[in-house]
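The values are calculated or read from the model by the stated rules, or taken from the named source; none is laboratory data. Everything quoted here is computed from the prediction, not taken from an experiment. Heads up, the Cβs are rebuilt from the backbone with ideal geometry, glycines too, and the neighbour counts pull from every protein chain shown.
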Amino acid sequence: MALVEIRRATLDDLPALRAFWKQSGQVAQEKNLTEFQLALDEAGKILGAVALKISQNQGLVHSGVISLDAPPGIEDKLWERVQAASKNNGLYRLWQKGDFFQTKGFQIAEAALREKLPPAFGEWNDRWQVMKLREETVLTLEQELNLFAQAQQQSTARLMEQARWFKVFAYILLLIFLGAILVAGILFMKRYPLRR
């Protein structure tokens, strides 16, 4: 049984996920379906699953489980997928309560981080583990507006450049069309000269 792909869960995966959760003794998580990343074999059988819930630029890793008959390395592949999703979403830190990714650098969360835990992740307790992904940057409203304005200017500049190229292309097509009409007119005049 070889690993074929790691991808985000879709509605089509729900029946297989229900069976996987039941087999592994997990509580079904239908409401959180799109949080799950799946490891699948060539037949589409789920070898492992882990969820990443995102709130306030932070992620909660939860409900991780790997099939007993899964080949080695599934946890590493799921971890790579969680890291990529974290980076794509600009997360500052990851949280977890269990020990699914304990060997990947999670540390017991200190009480000083209590206020950083998003309420959507649950209540604070001593079981929380955390991993810092990058520095938190707090931008003022003016800085955010400047960044937005810069992004808009870049977008406008790209659109203007595309419009210039489209205009050049349109002129070239017009010249080719007029040239073709001119050539056709000359050929027509040669073939059917005017008689006086």
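Residues are listed down the side, and each one gets a yes or a no for (1) touching a residue at least 60 places away in the same chain (Cβ under 8 Å); (2) in contact with a strand residue (DSSP E or B) (Cβ under 8 Å, 6 or more places away or on another chain); (3) assigned to a helix (DSSP H, G or I):
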{"residue": "31", "(1), (2), (3)": "no, no, yes"}
{"residue": "37", "(1), (2), (3)": "no, yes, no"}
{"residue": "47", "(1), (2), (3)": "no, yes, no"}
{"residue": "59", "(1), (2), (3)": "no, yes, no"}
{"residue": "72", "(1), (2), (3)": "no, no, no"}
{"residue": "75", "(1), (2), (3)": "no, yes, yes"}
{"residue": "86", "(1), (2), (3)": "no, yes, yes"}
{"residue": "95", "(1), (2), (3)": "no, yes, no"}
{"residue": "98", "(1), (2), (3)": "no, yes, no"}
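Given the criteria more than 21 Å from the chain's Cα centre (by Cα) and within 11 Å of residue 131 (Cβ to Cβ), does residue 83 qualify?
Here the answer is no, as residue 83 does not meet what is asked.
Regarding the stretch 26-44, can at least one residue be identified that is at pLDDT 90 or above, among the aliphatic types (A, V, I, L, M) and more than 21 Å from the chain's Cα centre (by Cα)?
no
Would you confirm whether or not the stretch 95-105 contains a residue that is within 17 Å of the chain's Cα centre (by Cα) and at pLDDT below 90?
no
Filtering the stretch 120-162 down to residues that are among the hydroxyl-bearing types (Ser, Thr, Tyr) and assigned to a helix (DSSP H, G or I), which residue is modelled with the highest pLDDT?
Selected residue: 156.
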